[in-house]
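Chemist: Pasting a structure here, questions to come.
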Amino acid sequence: MAIDYCCNMQVVKGKARGYGLPADIWSLGCTVLEMLTGKIPYSHLECMQALFRIGKGEPPPVPDSLSRDANDFILQCLKVNPDDRPTATQLLTHSFVQRSLSQSSGSASPFIPRRRG
């Protein structure tokens, strides 16, 4: 059985009212966690254990080795109540994002594919 370790409890429980952007924020938190640790959230668990914990609204563990900003960013994304999660616009103002943007070289440009032939 395959599992999407980034899905949240609203998806696992199949909430009648559905799910929306807050579910994407949860997935963003899991994705950032995976990018910073190199480990898939809940990967230390068997599939059914992971689904059970996700269904209970138990966020994956966030290691203390991450920076305070990264830790807070991820925990904000992984709030159990979807209404308590920040919006994407709010996350753009988070110190984790702002610090990353200020440390970038500023020379990034959009990818423009070259035409062949």
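Chemist: To make sure I understand, if each residue's beta carbon is the centre and we count other beta carbons within 10 Å, what order do His44, His94 fall in, fewest to most?
Modeler: Ascending number of Cβ neighbours within 10 Å: His44, His94.
Chemist: Continuing with this model, one more query. In whole Å, how far is the Cα centre of segment 54-75 from that of segment 86-103?
Modeler: 16
Chemist: Just want the ordering: Cys47, Cys30, from fewest to most Cβ atoms lying within 10 Å of their own Cβ.
Modeler: Starting with the residue having the fewest Cβ neighbours, the order is Cys47, Cys30.
Chemist: Starting with the fewest neighbours, write out Val80, Val32 ranked by other beta-carbon atoms found within 10 Å of each beta-carbon.
Modeler: Val80, Val32
Chemist: Report Rg (one decimal) and Dmax (nearest whole number) for segment 20-98, counting Cα atoms only, units Å.
Modeler: Cα-based Rg and Dmax for segment 20-98 come out at 12.3, 37 Å.
A short reminder: the numbers here are calculations on the coordinates, not readings from a lab. Since the model is a prediction, treat every value here as computed from it, not as a measurement. So basically every Cβ, Gly included, is an ideal-geometry build from the backbone, and we count neighbours across all protein chains shown.
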